[in-house]
């Protein structure tokens with residue numbers, strides 16, 4: 001029997017429901033199943049918000065505790081994961097407003113230029129990291145859509161649901177955020193194309 | 001998770017998409033699950049929070065609202081001579097009624113303060129185990 005992503009999602013949702021029912025019936029240990037299933041996504045989501053591993057785990061832990069406390073209030077209108085992501089996003093947003101991450105201003109996120117070709121991989125990594133950190137320097141209203149859009153593997157409706165925002169508003173903010181990033185990193189596309197060509201050429205020479 | 005549409009608008013840049021979408025997944029540390037469950041168990045074992053005593057508070061709130069209303073009424077009444085057309089706002093009050101109203105107000109205020117201090121002392125005594 002093959003397992004499709006759809007059946008996997010349904011299985012996970014059923015397990016979530018069963019665990020929630022058990023927790024609400026007084027079985028504290030059943031919450032472990034929920035944490036086990038969702039610890040990866042929640043830690044990664046927190047990481048995308050702050051890019052600090054230690055803090056990401058602290059934030060994720062707090063998110064699970066909030067979920068534990070709020071479990072009786074979950075109205076089951078959406079899936080458990082949607083509710084958990086929305087709750088976590090709310091928490092991460094408010095925590096990072098209170099104690100912001102240390103970021104460089106968007107204007108000072110420089111684009112590396114003309115490194116030696118042998119450092120291609122290293123340069124790529126560095127540039128990718130600069131871009132990811134630049135996302136954190138975006139204004140919050142644009143930052144969150146970017147963070148959640150890529151966290152949800154570019155699924156607009158899932159990311160908009162997490163933010164409890166209409167899809168149209170979400171798309172508008174995402175578009176604005178990308179425009180800001182594009183303006184900040186104007187050579188990214190052209191350099192990428194050039195580097196792809198040079199990589200191909202190197203491959204031929206070897 | 002890619003169930004609905006993915007967008008590629010005019011401002012989108014495929015390379016930026018590639019960089020931001022293909023991020024290495026962070027694996028939670030080995031003790032993460034245990035530490036979350038420890039805190040959850042601690043919280044589950046803690047006694048439930050004491051609910052706010054609304055029933056006891058309501059008389060006090062009603063009294064305070066009444067006292068405030070009376071004070072406002074008094075202030076308006078005393079300020080009436082300076083207002084150009086007071087007869088439009090407040091009905092005429094004879095001096096005798098006015099005097100007795102004032103007396104009653106003071107009595108009500110004194111009773112209220114006594115009641116409040118009695119309730120407060122009972123509550124404090126109850127908390128300290130004296131009651």
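Computed values, structure above
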| read-out | value |
| --- | --- |
| Filter result for residue B:63 (more than 30 Å from residue A:123 (Cβ to Cβ), modelled with pLDDT of 85 or more, at the interface with another protein chain (Cβ under 7 Å from one of its Cβ atoms) and in contact with a helix residue (DSSP H, G or I) (Cβ under 7 Å, 6 or more places away or on another chain)) | no |
| Segments classed as helices (runs of 4 or more DSSP H), wholly inside the stretch A:120-206, with at least 1 members that are at pLDDT 80 or above and more than 10 Å from chain B (Cβ to nearest Cβ) | A:120-136, A:140-151, A:156-163, A:167-184 |
| Of all residues making up the stretch A:31-43, the number that are within 19 Å of residue A:97 (Cα to Cα) and at the interface with another protein chain (Cβ under 7 Å from one of its Cβ atoms) | 1 |
| Scan of the stretch A:5-38 for residues that are surrounded by fewer than 16 Cβ atoms within 10 Å (Cβ to Cβ), in contact (Cβ under 8 Å) with a residue 24 or more places away in the chain and under 21 Å from the mean Cα position of the chain (by Cα), ordered by number | A:12, A:13 |
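The values are calculated or read from the model by the stated rules, or taken from the named source; none is laboratory data. Computed from a predicted structure; not experimentally measured. Note: ideal-geometry Cβ built from the backbone for every residue, glycine included; neighbour counts use all protein chains shown.
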